[in-house]
Amino acid sequence: QVQLVESGGGLVQAGGSLRLSCAASGSIFRINAMGWYRQAPGKQRELVATIPTGGSTTFADSVKGRFTISRDNAKNTVYLQMNSLKPEDTADYYCNADLRESTWGPVKMYWGQGTQVTVSS
């Protein structure tokens, strides 16, 4: 059983910063891409940032220059550093990971349970 657990959400004033963490645990052979998505009330879930095993990271246009994504492969953990936060960044933030549970097993996508970020004006 694979679990992704997010932490680091909370309430912050506009212009402030938060750092989200997401740790994957369980039966994991290899993690490929990891990423962060968010869903604001009444809106669809949207991509925030992704980070592959190797290669370039990607960001939504709305967060470029303010958010950074990084990962610690030894800890199976992905981070989202959010700076210069705006009220429109308010949402539930979810991490996901594409991973294999065994050498020849299929690549599956797993999601965390979400962590709430609220940015006050």
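The values are calculated or read from the model by the stated rules, or taken from the named source; none is laboratory data. Everything numeric here is computed off the predicted structure, so don't read it as measured data. Don't worry about glycine lacking a Cβ; one is built from the backbone with ideal geometry, like all the others, and counts go over all protein chains shown. Note: accessible area is taken over every heavy atom of the protein model, side chains too, but ligands, DNA and RNA are not part of it. Shrake-Rupley method; radii C 1.70, N 1.55, O 1.52, S 1.80 Å.
Here each label is just a point 7 Å from Cα along the line to Cβ, and for Ser120 and Arg66 those points are 1.8 nm apart. The charge dipole of the stretch 76-121, taken about its Cα centre with unit charges on the Cβ of Lys, Arg, Asp and Glu (plus for the first two, minus for the last two), comes to roughly 120 debye.
Ignoring the sites themselves, the chain has its longest run without chymotrypsin sites (Phe, Trp or Tyr not before Pro) in a DSSP loop having at most 14 other Cβ atoms within 10 Å at 30-103.
Each Lys and Arg contributes +1 and each Asp and Glu -1, all at the Cβ; summed about the Cα centre of the chain, the dipole is approximately 140 debye. Residues in the stretch 90-98 carry Karplus couplings, in order, of 4, 4, 8, 9, 10, 9, 9, 8, 9 Hz; the curve used is 6.51 cos²θ - 1.76 cosθ + 1.60 with θ = phi - 60°, and Gly or Pro positions show x.
Dividing the mean sequence gap of close Cα pairs (under 8 Å, 6+ apart) by how many residues the chain holds gives a relative contact order of 36 percent. Ranking Phe67, Val119, Ala33 by how far each Cα lies toward the positive end of the dipole of the chain (charges on Cβ) leaves Ala33 at the top.
Each Lys or Arg adds one and each Asp or Glu subtracts one; over the other residues with Cβ under 15 Å from the Cβ of Asn32, this totals +2. Taking only protein heavy atoms and a 1.4 Å probe, the accessible area of the stretch 12-101 is 45% carbon and sulfur.
Judged by the ratio a/c of the largest to the smallest principal axis of the C-alpha gyration tensor, the stretch 26-72 counts as oblate, that ratio being 1.5 or greater while a/b is no larger than b/c. Volume per residue of the convex hull around the Cα atoms, evaluated for the chain, comes out as 98 Å³. Rolling a 1.4 Å probe across the protein heavy atoms gives the chain an accessible surface of 54 Å² per residue. Each eigenvalue of the Cα gyration tensor of the stretch 1-56, multiplied by 5 and square-rooted, gives one semi-axis; in descending order these are 24, 14, 13 Å.
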